[in-house]
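*Asks:* Shown below is the structure under consideration.
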Amino acid sequence: MLGALVMSSGIALMVAATPANAADCTPAAAFTETINHPAVTHVVHHDAVDAVPSMWWNWSPNKDQGPFDGPPDFPTDSRGTWEGPHTNGGPGQDEVGTFQQGEGNGSWFHRSAAVEGQDAFDETVTDTAAWTETINHPAVTCNAVSTPQVEGTTVVSPPKAHVKAKAKVHAQAVTPTVVHAGLASTIKDMRGEQGLALMVAGMIMLVAAGGLGLRVRGAAARI
């Protein structure tokens, strides 16, 4: 009976054994991540521009030309000649292009617009405007994992008994350890090994008891 009790205790320990360490899990609250993406740009270089004053020309029709019916074509016209360019003074300083001033055949003029000078400079051109990216991260939760219990099973330490056997095995039961997900445990679950040891010890005790019974019956028969 003692050997059977020890062996059943070992079997119960082996059945109840579970891994000591659960998968690592770190709880975290939900949060929003904001990423600012800068603008994408490139640089365009502009060379310096020299200032050019307004210039003007005056029209001179051919001498053998009769009454002139304008306006003349600029910059060339077979009916006469454009004289210039002139940079100072002149008529129609607010005019641009070919215009007439006066009543005579030669009262036609042409003026170009002035060009304002500028220094060389670099221009930054935006290819893609800056933008903001928002990422919503869900919460991370960890589920607690506890050691399953086997109902109706009692784990006991084997009682001390004087058994005539060639081998003696001592086994010790341990208290089950509860491990929660996300918390690493440093205690190794030895219930599987201890259950095996108890089962082997029970078997040895049963074999030893059987041998002892045979010897007792043999002695009784001789008496």
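The values are calculated or read from the model by the stated rules, or taken from the named source; none is laboratory data. The structure presented is a predicted model; accordingly, all values stated were derived computationally and were not measured. We place every Cβ from the backbone using ideal geometry, glycine too, and count neighbours over all the protein chains shown. In case anyone asks, the SASA skips ligands and DNA or RNA and just uses the protein heavy atoms, side chains included. Shrake-Rupley method; radii C 1.70, N 1.55, O 1.52, S 1.80 Å.
*Asks:* Does T87 satisfy the condition of being open to solvent by less than 80 Å² (accessible area, probe 1.4 Å), without any contact (Cβ under 8 Å) to a residue 40 or more places away in the chain and hydroxyl-bearing (S, T, Y)?
*Replies:* So T87 passes the test.
*Asks:* If V43 passes every condition in (1) open to solvent by 80 Å² or more (accessible area, probe 1.4 Å); (2) assigned to a strand (DSSP E or B); (3) without any contact (Cβ under 8 Å) to a residue 60 or more places away in the chain but one, which one does it miss?
*Replies:* (3) is the only condition that V43 fails.
*Asks:* Next question, about the same structure. From the list A130, A139, which residue is surrounded by 10 or more Cβ atoms within 10 Å (Cβ to Cβ), at negative phi and among the small types (G, A, S)?
*Replies:* A130
*Asks:* Let me ask something else. Please state which of the following conditions T26 fails to meet, knowing it meets all the rest: (1) polar (S, T, N, Q); (2) over 53 Å from the mean Cα position of the chain (by Cα); (3) at pLDDT 70 or above.
*Replies:* Of everything listed in (1) polar (S, T, N, Q); (2) over 53 Å from the mean Cα position of the chain (by Cα); (3) at pLDDT 70 or above, T26 misses just condition (2).
Residue-by-condition table, conditions (1) charged (D, E, K, R); (2) at pLDDT 60 or above; (3) touching a strand residue (DSSP E or B) at 6+ places or on another chain (Cβ under 7 Å):
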{"residue": "G102", "(1), (2), (3)": "no, yes, no"}
{"residue": "S107", "(1), (2), (3)": "no, yes, yes"}
{"residue": "D119", "(1), (2), (3)": "yes, yes, no"}
{"residue": "D122", "(1), (2), (3)": "yes, yes, yes"}
{"residue": "P138", "(1), (2), (3)": "no, yes, no"}
{"residue": "K164", "(1), (2), (3)": "yes, no, no"}
{"residue": "A173", "(1), (2), (3)": "no, no, no"}
{"residue": "P176", "(1), (2), (3)": "no, no, no"}
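*Asks:* Which of the residues spanning segment 66-79 are open to solvent by less than 70 Å² (accessible area, probe 1.4 Å), touching a residue at least 24 places away in the same chain (Cβ under 8 Å) and not hydrophobic (A, V, I, L, M, F, W, C)?
*Replies:* G70, P72
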